[in-house]
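Please treat every number below as a calculation from the coordinates, not as lab data. This is a predicted model, so every value here is computed, not measured. Neighbour counts run over all protein chains shown; Cβ positions are idealised from the backbone, glycine included.
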Amino acid sequence: MPIGILIIINMHLPDFTAAGELAARIDAYFNYIEGEFHFEKKPAKETKNEASAPQKVWDREPEPATIAGMAFFLGFNSRQAFDDYEGNGKFAHFLKRGSLRIEAMYEKKLHQQSATGAIFALKSMGWNEKNDGKSDGDDVLRTLKIEIVETGPKPANSEKEVVL
């Protein structure tokens, strides 16, 4: 008789022991993606009265904010584990706020010249451009009653009917 082997897959949930720790790690992610730089004075064409201004040199380029990037930075092994924790974890409200922060960044990109990537990202986050003709569960027919009320004298049909 063959012996079955039971393999338990550990989806590895990071151990968040305190709410403040998770909040600090999420803030650290947003600080990390801003990149690192330093200033250098580079030789430039200087005038007699002006010295060259220091120039920003990137040590690590900025990165766009992503849900998967935040999940990886926080120590999750999969997007599914992140989604599960965001759905019902002990400190899920911090992950929801972090995801909303990323969503807000993509929403700001809608005001730029080429917003195609931002639109795609927002659609994958649950945004929908159409209402699909569906109401919000209100299937009640609404009737608008319009009553025309005449006020004042009737308008003249021609200039000959006008009496001064």
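Determine, from the Cβ-Cβ distance of Trp127 and Phe72 and an R0 of 30 Å, the FRET efficiency 1/(1 + (r/R0)^6), rounded to the nearest 0.05. Please report the intermediate quantities before stating the final value.
Working: r = 23 Å, r/R0 = 0.78.
Result of the calculation: an efficiency of 0.80.
Could you sort the peptides 151-159, 56-64 by per-residue average Cβ neighbour count (10 Å cutoff), highest mean leading?
Working: 151-159: 6.6, 56-64: 10.2.
Highest to lowest by the protection proxy: 56-64, 151-159.
Net charge near Glu63, counting Lys/Arg +1 and Asp/Glu -1 over other residues with Cβ under 14 Å of its Cβ?
Numbers: positive: Arg60; negative: Glu34, Glu36, Asp59, Glu61.
Summing Lys/Arg as +1 and Asp/Glu as -1 gives -3.
What number comes out for the charge environment of Ser78, summing +1 per Lys or Arg and -1 per Asp or Glu over other residues with Cβ under 15 Å away? Kindly include the intermediate steps, with their values, before the conclusion.
Details: positive: Arg79; negative: Asp83, Asp84, Glu86.
Surrounding charge for Ser78 is -2.
Of the GluC sites (Glu not before Pro) in segment 29-126, which ones lie in a loop per DSSP and count no more than 10 other C-beta atoms within 10 Å? Please report the intermediate quantities before stating the final value.
Working: sites: Glu34, Glu36, Glu40, Glu46, Glu50, Glu86, Glu103, Glu107; in loops: Glu34, Glu46, Glu50.
Listed in order of number, the matching sites are Glu46, Glu50.
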